[in-house]
1. So how compact is chain A: Cα radius of gyration and Dmax in angstrom?
2. How many partner chain Cβ atoms sit within 10 Å of a residue's Cβ in peptide B:209-216, on average, as a whole number?
3. Quick one: which of B:134-143, B:94-103, B:73-82 comes out on top by average Cβ neighbours within 10 Å, and what's the full order, highest first?
4. Cβ neighbours within 10 Å, averaged per peptide: list A:219-225, B:121-127 in order, most packed at the top.
5. What do you get for the angle between helix B:87-111 and the principal long axis of chain B? Use alpha-carbon atoms, 0 to 90 degrees, nearest ten.
6. Among B:I169, A:I200, A:I74, what's the order by accessible area (1.4 angstrom probe), most exposed first?
7. Before anything else, pin down the relative contact order of the range A:120-238: Cα pairs under 8 Å, at least 6 apart, normalised by residue count, whole percent.
8. What does the C-alpha gyration tensor say about the overall shape of the range A:72-116? Classify as rounded when a/c is under 1.5, otherwise prolate if a/b is larger than b/c, or oblate.
Amino acid sequence: MIESRSYAAVSHRFASSNFELHLALDLIPGWNVLFGPSGSGKTTFLRAATGLLRPDSGLVRVDDEVWFDSERGIFLPPERRNSGYVAQRPALFPHLTVEENVAFGLRLTPADTSHRTAEMMDLFHCSHLASRRPDELSGGEQQRVALARAIARRPKILLLDEPFRGLDFELRDAILSDLESWVAASRTPVLAVSHDVVEICQLGAQVTRIAAGRVVDSGPAATILAPYRERILRRLES
Amino acid sequence: MDFEALGVTLRLAIVTTLILLVVAMPLAWWLAHGRSRWRAAVELLTTLPLVLPPTVLGFYLLWLLGPLSAPGLVLTRWIGHPLTFTFNGLVIGSVIYSLPFAVQPLRAGFSSVPLDWLDTAATLGANARQRFWRIVLPSSRLAIAGAGALVFVHTVGEFGVVLMLGGNIPGATRTLSLVVYDQVQDFRYAAANLTSLLLVAISLLGLLAIYVLRMRGRRD
């Protein structure tokens, strides 16, 4: 019995590597974290949710809107799904300024576009970077802009593929706190994937642990991460 | 100075460049990012004019576009006259002859556009056409300009295909490189030198444009 308004079930087999992914998740408003080692299928699951990959079978329903249903032959391409997606690399468009990057996905009147862009840049503290190009930004600034761009369209779901990789603890914490205010206000489901236990401690909430393309266990972060307590403490001390 | 031939040469180079940029862009994109098993075969075919003697290419085009071949006969009946020894026929020949000079730099430019930019643009609501206009084109502008300059210079200097397919008709298919040939045949070396210097100047300008674009590309 599926109760939540957002749900993603994906089955996919890569013929070249024989890797099989069979994952199903209820996506609650707020943070949902997919945790597992590299190569366990986290990114594949996210790409299937955004529509960048068409899985062999499954169902992706977000806010009661069906984006993919293999049984009914429904597949919406990524541009027709209102999802926000931030990958490991920020993928900012180098020929556009920060402001133009944030406004890229907006289909509003010029005045509304300008207003929404300013609001997003404010939220992520990057208004002072508005006229800069991506190659003039630090890694943390690039991630802020990528997040502002992803949520400027007010997506129905936000998908984060280890977007804080390579950032130090404090910077990650600062960006997360900016994002948190939007998540709390919008009650949008956020699906973040990570293999970093410290990062997951920061993200918190509902954690699903996967390995080799299948769910191992699922529950509150404190329960799922309990076996990693020593490692987390060592990392935090260091 | 044969200004009529200069006019034909420039017109041929401009028309060929414009047609090739339009034709070669989707082809180069497909070669850069397509997954078809036919890709290698198509790449081989598009590169062939680079190594084929121009007279051989000109001979086959003369046969293909003339009334002696079945496609040429159909074409002749359709448009009312053969395409051989006309400016339009010359344009077709130049487009085929210069195809690799457009496809190769465009393909290199398109290959350097990271696919995650396009994926991100798609998740931001951009469809395939918008992704091409808003991401691929601006990111590849130097490669496109470089391909245009290369095709232009190459077409200006064309000889074998022009001679075989065009027939050296003044005002219609006679280009500057044919004028040099005729002037040398008539022992008019001073005039041949002047025409050649003009071709050298055009080629140098084209190469300078390509060099400047490459420098800008490295700086960016």
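1. Every Cα atom of chain A included, Rg and Dmax give 17.8, 53 Å.
2. Details: counts 0, 0, 0, 0, 0, 0, 0, 0.
Per residue, the average neighbour count from other chains is 0.
3. Working: B:134-143: 19.1, B:94-103: 24.2, B:73-82: 12.4.
Ranking the peptides B:134-143, B:94-103, B:73-82 by packing returns B:94-103, B:134-143, B:73-82.
4. Working: A:219-225: 15.3, B:121-127: 21.7.
The packing order, highest mean first, is B:121-127, A:219-225.
5. 30 degrees
6. Values: B:I169 65, A:I200 0, A:I74 45 Å².
Reading off the accessible areas and sorting them downward yields B:I169, A:I74, A:I200.
7. On the way: 99 pairs, mean separation 22.7, N = 119.
Answer for the range A:120-238 is 19 percent.
8. On the way: a/c = 3.10, a/b = 1.42, b/c = 2.19.
Taking the square roots of the gyration eigenvalues as a ≥ b ≥ c, the range A:72-116 is oblate.
The values are calculated or read from the model by the stated rules, or taken from the named source; none is laboratory data. In this text, all values refer to a predicted model and were calculated from it rather than measured experimentally. For neighbour counting, all protein chains shown are included, and Cβ atoms are generated from backbone atoms with ideal geometry for every residue, glycine included. Only protein heavy atoms, including side chains, enter the accessible area calculation; ligands, DNA and RNA are left aside. Shrake-Rupley method; radii C 1.70, N 1.55, O 1.52, S 1.80 Å.
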